[in-house]
Amino acid sequence: MALTPKSPQGTLPANNKDAASQDTFLREVDDALREDQLRTLLRTRGLPILAVVVGALVGLGGWLWYSDHAASLRDKQSESFVTALDALQVNRNQTARQAMDPLVKDGNPGYRAAVEIAEAGLAEQAGKAADAAKVFAAVAADGTLPGPYRELATVREVSTNFDKLAPQTVIDRLKPLAVPGKPWFGSAGELVALAYLKQNKTEAAGALLVSIAKDKAVPDTLRRRTRQLAGQLGFDAVDNPAAAVSGSEGQ
């Protein structure tokens, strides 16, 4: 019986050696081709690619600078506005105006609206109701300002001119704002309720006052005021009688 010779341990048959050699050769050719393609790419498009990379880095640096600058500016604006509010609380109106002037010049719409409303409030405190109403009306009509500020200006304008306006005018202007969940629901709702009372619509006024008094998002002082007025009209606006009694005793 003839025996087939075996390859010595650690060696490959000839066909396996050829395949390995061919595979190595193909890899070397592929690597060389890739290097050649990369050199060609850099030679023909190197500058555009470099320009894109540099542009991206410059853009990133600019964005980081702007973000830092904007944050710093917001901090300064916030400090100025807080200074103005603190001055207003102690009737230092001139100091308040000096702190508010730069905010108007900076052009931030939110701060500009807040400053104009604050200045109108100063005019109203000084007995210049007509001037204050004009400023409130201008803010309310300025479509470039944030909605909540415009709504507040509308409430303040109507409040300033309340005695001069027909009750239905007050209702028409403020009823869209006298809705639970709206930012100025309490203030607008109270004025609408008072306008209803002028029209002898006690039921509508009482229901609105009760809604305000029970809305925990409304400031406590306004809730107490509307609760008392609702009670005078014969409406129960007390959620927790015990709490209401203790609150009235503490006043």
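The values are calculated or read from the model by the stated rules, or taken from the named source; none is laboratory data. In this text the structure is predicted, and so the values were computed from the model without any measurement. Virtual Cβ from ideal backbone geometry, glycine too; neighbours counted across all protein chains shown.
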Note on Thr144: of the conditions (1) assigned to a helix (DSSP H, G or I); (2) in contact (Cβ under 8 Å) with a residue 24 or more places away in the chain, unmet is (1)
Is it fair to say Gly189 is in a helix (DSSP H, G or I) and within 30 Å of the chain's Cα centre (by Cα)?
yes
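Going by what's in this entry, would Asp101 be described as part of a helix (DSSP H, G or I), loosely packed, with under 15 Cβ neighbours inside 10 Å, modelled with pLDDT of 70 or more and charged (D, E, K, R)?
Details: part of a helix (DSSP H, G or I): yes; loosely packed, with under 15 Cβ neighbours inside 10 Å: yes; modelled with pLDDT of 70 or more: no; charged (D, E, K, R): yes.
In short, no.
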Filter region 207-251 down to the residues that are farther than 18 Å from Phe185 by Cα, in a loop (DSSP other than H, G, I, E, B) and modelled with pLDDT of 65 or more and list them by number.
Leu233, Gly234, Phe235, Asp236, Val238, Asp239
Testing Asn200 on (1) surrounded by fewer than 16 Cβ atoms within 10 Å (Cβ to Cβ); (2) touching a residue at least 12 places away in the same chain (Cβ under 8 Å); (3) of a type in the set (S, T, N, Q); (4) outside the structural domain of Ala114 (by TED's automatic domain parsing), one condition comes back false. Which one is that?
(2)
